[in-house]
Amino acid sequence: MEVNEQGLLVFKASGWNKFEVQYPDEPKYSITGADSQVVTVSLAGSEQVYSEPGTMMYMSTYVKSDTECGGCLNRCCSGESCCTMIMTNTQEELGFVGLTPNFPAKVIPVDLGAINENYLHCQAGAYMAHYGEVEIETNLECNPFKACCGGAGFVQQGLKGTGTVFLNSTGTIMQKVLEEGEKIVVDTDCVLAWAEGVDMEIQSAGGCCAMVGGGEGLFNTVFVGPGLVMVSSMTKEKYQIAVAPEPK
């Protein structure tokens, strides 16, 4: 469905952009499908791609897979499996690996080398795969008010490096690059990722009636720039409740 000119003006005025895949100058991966997407990564000789267990869909016959369990505590605390799959091209001929999320989701590539301080904070469990130099870290939110009410919990996932990471998330993915001191209010359930340097604050969702009957919870998340913020219109938890509601 095409958006009319007036609709485009409203959307552009909001400052948000629908996430669109920006492929690198040298072809390295391709994302296929509208949902339950597949990312195909090309691997030159000896190159590797790392992923969550269960995400491999297909690969060249000379690409060999292995498993490592380093950093189990960090990975488990950040919502990931304690193991990591490593797929290595064992020949000089170009190889390919196809990866897909473990739940109906979109694949969101992020070049860490292009964001603030090469560091991305994200919701626990958002990481799916990466290639290049990437470290998966665990950040503890020591402020209980932010941890309980900010939508990211006490344990947050951190992705650091200069490589490319592939996140997975349901719904429509939106992004906004905040200017210095610019603020944006986001529903706590919609928070997906934010760059280093973006400050997270909390504010009430309104008066007592709004907090009780507004359907948005008690608090909203406020991001303060500068830096990238990414949000999702449908969380994995909301999706699970929608397709398999608890019996009444």
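If amide H atoms are built 1.01 Å from N in the plane of the peptide, which residues on other chains or at least 5 residues away come under 5 Å of the amide H of Thr170?
Amide H neighbours of Thr170: Lys106, Lys236.
Can you put Cys190, Cys122, Cys69 in order of accessible area, largest first, using a 1.4 Å probe? Walk me through the numbers before you get to the answer.
Working: Cys190 30, Cys122 0, Cys69 70 Å².
From most exposed to least exposed: Cys69, Cys190, Cys122.
Kindly provide the GluC sites (Glu not before Pro) of the stretch 87-123 that DSSP labels as loop, not H, G, I, E or B, and whose Cβ sees at most 14 other Cβ atoms within 10 Å. Don't skip to the answer; put the middle values down first.
Working: sites: Glu92, Glu93, Glu117; in loops: Glu92, Glu93.
Answer by residue number: Glu92, Glu93.
Within the stretch 167-199, what residues put their amide N at less than 20 Å from the label point 7 Å along the Cα-to-Cβ vector of Leu218?
186-191
For Lys160, what accessible surface area do you get with a 1.4 Å probe? Give it in Å², rounded to 10.
We get 100 Å² for Lys160.
If you rank Tyr127, Tyr29 by how much accessible surface each has, with a 1.4 Å probe, what is the order from largest down?
Numbers: Tyr127 0, Tyr29 25 Å².
Greatest to least solvent exposure: Tyr29, Tyr127.
Tell me the label-point distance for the pair Glu237, Glu201, using the 7 Å Cα-to-Cβ offset, in nm and rounded to one decimal.
With each label placed 7 Å out from Cα toward Cβ, I get 2.5 nm.
The values are calculated or read from the model by the stated rules, or taken from the named source; none is laboratory data. The structure presented is a predicted model; accordingly, all values stated were derived computationally and were not measured. Heads up, the Cβs are rebuilt from the backbone with ideal geometry, glycines too, and the neighbour counts pull from every protein chain shown. With ligands, DNA and RNA removed, areas are computed over all heavy atoms of the protein, side chains included. Shrake-Rupley method; radii C 1.70, N 1.55, O 1.52, S 1.80 Å.
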